[in-house]
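Structure, as structure tokens:
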Amino acid sequence: MKTPTDLFSRLKKMMPANVQPKFTSGEELLAWNQEQGRLRSESIVRENRAMKMQRVMGRSGIRELHMNCSFDNYRVENEGQRRALTMARQYANDFEGSIASFVFSGRPGTGKNHLAAAIGNDLILRGKSVLIVTVADLMSSMKGTFSGGSDITEERLLHDLSTVDLLVIDEIGMQSESRYEKVIINQIVDRRSSSKRPTGMLSNLDPAGMNTLLGERVMDRMRLGNSMWVRFDWESYRSRVRGDEY
Ligand SMILES: Nc1ncnc2c1ncn2[C@@H]1O[C@H](COP(=O)(O)OP(=O)(O)OP(=O)(O)O)[C@@H](O)[C@H]1O
């Protein structure tokens, strides 16, 4: 069998004299080859992840509006924002191997989506799969699986939603309190917690209201591990958004 050194000697013989080889030994050639293989397989994993996101919700994991949200562009002007930012940063830092979920609840426009997207963007950069969906989007995707034209089954969609590294469910409490919605959210959180995958929830309801809406069973699962519950109870930032800041 040919060794990398044999291969390198043959390449050297074939190379025109004016060509400066990129490698000086068979070992360097082997190392380069292995590095290329590693980069290629990482890129295949990324492509598969992107395809899965596309399949799950017809788009990549974070809505365009929030793609540029980061910890750095979240402005701190009061103690509550400082605490929320510190906790969100910590959550992202500790994410690897953690089963802890998070609940951001409180007033509109206070940055719940911003900080959830900042966590998501940070995790995506570290190679994790993240999906932020509203309850309405979730339900319309689930209902879409019932139509004859859909090539994805309800079970498949549930499986995909339950296996992304972080799923954030937004607008909890905006829904019509239907039994189906409650059952689906129950199933997703149940599957995710039993496979040690965390879930994020964003809501204008307070924790007691979320308990009443979704039930003790789901909210108890949201408390697994070192979970993070943050109240966003300051003024809305929305009137100050110009649209070109990030
Ligand atoms: N402290 C902040 N610094 C910078 N931008 C902020 C801050 N808080 C909110 N924003 C911006 O204000 C807008 C509204 O924030 P966001 O969507 O996160 O609110 P929300 O709490 O999720 O509101 P809702 O409950 O209505 O969904 C976004 O564009 C967000 O980037």
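Readers should treat all values here as calculations from the given coordinates under stated rules, not as data from a laboratory. In this text the structure is predicted, and so the values were computed from the model without any measurement. When we count neighbours, we look across all protein chains shown, and the Cβ atoms used for this are built from the backbone with ideal geometry, even at glycine.
Show me the ranking of peptides 75-81, 164-170 by mean Cβ neighbours inside 10 Å, starting with the highest.
Details: 75-81: 12.7, 164-170: 23.6.
So the order, starting with the most tightly packed, is 164-170, 75-81.
Just Phe232, Phe104, Phe23 to compare: in a GNM of the chain, with alpha carbon springs under 10 Å, which one fluctuates most?
Of the options given, Phe23 has the highest mean-square fluctuation.
For every helix of n ≥ 4 consecutive DSSP H residues, a contribution of -39,500 (n - 2.57) applies; sum these over the chain, divide by its total residues, and give [θ] at 222 nm rounded to the nearest 500 deg cm²/dmol.
On the way: 9 runs with 122 residues, N = 246.
Calculated at 222 nm, the ellipticity per residue is -16000 deg cm²/dmol.
Once the Cβ-Cβ distance between Asn226 and Ile152 is put in as r, and R0 is 41 Å, what FRET efficiency do you end up with, to the nearest 0.05?
Details: r = 34 Å, r/R0 = 0.84.
The computed FRET efficiency comes out at 0.75.
Placing unit charges on C-beta atoms (Lys and Arg positive, Asp and Glu negative, everything else neutral), compute the dipole magnitude of the chain about its Cα centre in debye, rounded to 20. Could you put the intermediate results ahead of the total?
Working: 36 positive and 31 negative charges, 125 e Å.
Value, rounded to 20: 600 debye.
I need the phi-derived Karplus couplings for segment 88-96: 6.51 cos²θ - 1.76 cosθ + 1.60, θ = phi - 60°, integer Hz, Gly and Pro marked x.
Values, residue by residue: 5, 4, 4, 4, 4, 4, 8, 4, 4 Hz.
Find how much the distance from Tyr237 to Asn18 grows on full extension, using 0.36 nm per residue of separation minus their present alpha carbon separation; answer in nm with one decimal. Working shown, then result.
Numbers: separation 219, 0.36 × 219 = 78.84 nm, distance 6.33 nm.
So the extension gain works out to 72.5 nm.
Could you work out how far helix 135-144 tilts from the main Cα principal axis of the chain, as a 0 to 90 degree angle to the nearest 10?
The answer is roughly 70 degrees.
Can you run phi through the Karplus equation (6.51, -1.76, 1.60; θ = phi - 60°) for segment 182-194 and list ³J(HN,Hα) in whole Hz, with x for Gly and Pro?
5, 5, 5, 4, 4, 5, 5, 5, 4, 4, 5, 5, 6
Which one of Ser129, Tyr74, Leu115 has its Cα pushed farthest toward the positive end of the charge dipole of segment 70-159, where Lys and Arg give +1 and Asp and Glu give -1 at the Cβ?
So the residue we want is Tyr74.
Tell me, what is the FRET efficiency for Glu77 and Ser43 to the nearest 0.05, using R0 = 25 angstrom and their Cβ-Cβ distance as r?
On the way: r = 41 Å, r/R0 = 1.64.
The calculated FRET efficiency here is 0.05.
So which lysines can Lys128 reach, going by Cα to Cα under 16 Å and dropping same-chain residues fewer than 8 places off?
Reachable lysines: Lys52, Lys196.
First select every other residue whose beta carbon is under 9 angstrom from the beta carbon of Leu166; then total the charges, Lys and Arg +1, Asp and Glu -1.
Values: positive: Lys128, Arg197; negative: Asp165.
Here the count lands on +1.
Per Stokes-Einstein, at 25 °C and 0.890 mPa s, what whole-number D in µm² s⁻¹ belongs to segment 61-236, with the Kirkwood radius over Cα pairs as the hydrodynamic radius?
On the way: Rh = 16.4 Å.
My calculation gives 150 µm²/s for D.
Expressed as a rounded percentage, what relative contact order does segment 61-236 have, with Cα pairs under 8 Å and six or more residues apart? Can you show the working numbers first?
Values: 275 pairs, mean separation 63.8, N = 176.
Across segment 61-236, relative contact order equals 36 percent.
Can you list residues whose amide H is under 5 Å from Tyr246's amide H, if they're 5+ apart or on another chain and H is modeled 1.01 Å from N?
So Tyr246 has HN proximity to no qualifying residue.
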